[in-house]
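Inspection log for the structure reproduced underneath, given as structure tokens.
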Amino acid sequence: MSRIQYFVAASLDGFIATSTDDLGWLLQFDGFEGGKESYETFMAGVGCIVMGGGTYAWLMKHEPGKWPYPDTPCYVFTRHEYQAPPGADLTFVRGSVNEFIADFKADAAGKNVWVVGGGDLAAQFADAGLLDELILSVIPVVLGDGKRLLPLTGPTPPLELTASRALGRGIVELRYELSGR
């Protein structure tokens, strides 16, 4: 059965990007011990990707013409008109995450759905009661401000910690089930 997962990295103070979408603070940790294996294991269970327009625009700006997920169906929530790069299985959508949940799960074909990037979209899934799991890599950097990890409209019930492990360079990976899921 497909699960909706938010697999993300955040600073110690809970930000996933600077206010200008700079990820230099995170990219300095590329290649850390355990990171590649964690990502590859996670991706083996992903059958569909969902992202916001801001994340899509960031990918296109930083990797023009290159699509990092060529074999995985991807939905992009956006109000803008974009073109898909060659080889990408992309569907651009507008509306509520509730409207498309059956499509995400059908395209995942029994695997999981990954909510990529922006905390705003992940918060929409959480607010709708659709987010099953948060997989968070806490990066040992303090940003002070920026884009929040999960900007919800209110507090969550307690999350259940199901696993934790130390990765290289002081990074900790935490896995949480959303209560009542």
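Only one of the listed residues (75, 69, 82) is part of a loop (DSSP other than H, G, I, E, B), more than 15 Å from residue 173 (Cβ to Cβ), within 14 Å of the chain's Cα centre (by Cα) and without any contact (Cβ under 8 Å) to a residue 40 or more places away in the chain. That residue is 69. Residues of region 41-73 that are in contact with a Cys (Cβ under 8 Å, 6 or more places away or on another chain) and within 14 Å of residue 2 (Cβ to Cβ): 48, 49, 50, 72, 73. A search for C-beta distances below 8 Å between a residue of region 130-150 that is in contact (Cβ under 8 Å) with a residue 24 or more places away in the chain and any residue that is open to solvent by less than 20 Å² (accessible area, probe 1.4 Å) and assigned to a loop (DSSP other than H, G, I, E, B), counting only pairs 6+ apart in sequence or on different chains, returns 137/171; 138/171; 139/29; 139/171; 140/171. Among the residues of region 152-180, those that are surrounded by fewer than 14 Cβ atoms within 10 Å (Cβ to Cβ), assigned to a loop (DSSP other than H, G, I, E, B) and of a type outside the set (Ser, Thr, Tyr) comprise 154, 155, 157, 158, 180.
Of these, 137, 96, which one is of a type in the set (Ser, Thr, Tyr), surrounded by fewer than 17 Cβ atoms within 10 Å (Cβ to Cβ), at negative phi and modelled with pLDDT of 95 or more? Step through it out loud before you land on a result.
On the way: 137 fails: surrounded by fewer than 17 Cβ atoms within 10 Å (Cβ to Cβ).
Answer to the selection: 96.
Given the condition touching a Phe, Trp or Tyr at 6+ places or on another chain (Cβ under 6 Å) and assigned to a helix (DSSP H, G or I), answer yes or no: does some residue in region 130-149 qualify? No; the residues of region 130-149 include none that is touching a Phe, Trp or Tyr at 6+ places or on another chain (Cβ under 6 Å) and assigned to a helix (DSSP H, G or I). Just to verify a result, which residue in region 23-66, among those that are touching a Leu at 6+ places or on another chain (Cβ under 8 Å) and assigned to a loop (DSSP other than H, G, I, E, B), is farthest from residue 91 (Cα to Cα)? Filtering first and then ranking leaves 33. The requirement of being free of Cβ contacts under 8 Å to residues at least 12 places away in the same chain, open to solvent by 20 Å² or more (accessible area, probe 1.4 Å) and part of a loop (DSSP other than H, G, I, E, B) is satisfied by residue 20.
Only a single item in (1) part of a strand (DSSP E or B); (2) open to solvent by less than 20 Å² (accessible area, probe 1.4 Å) is not met by residue 7, and it is number (2).
The values are calculated or read from the model by the stated rules, or taken from the named source; none is laboratory data. Predicted, not measured: the structure shown is a model, and the values here were computed from it. Methodologically, a virtual Cβ is constructed for each residue, glycine included, from the backbone with ideal geometry; neighbour enumeration extends over all protein chains shown. Accessible surface is based on the protein model in full, side chains and every heavy atom, while ligands, DNA and RNA are left aside. Shrake-Rupley method; radii C 1.70, N 1.55, O 1.52, S 1.80 Å.
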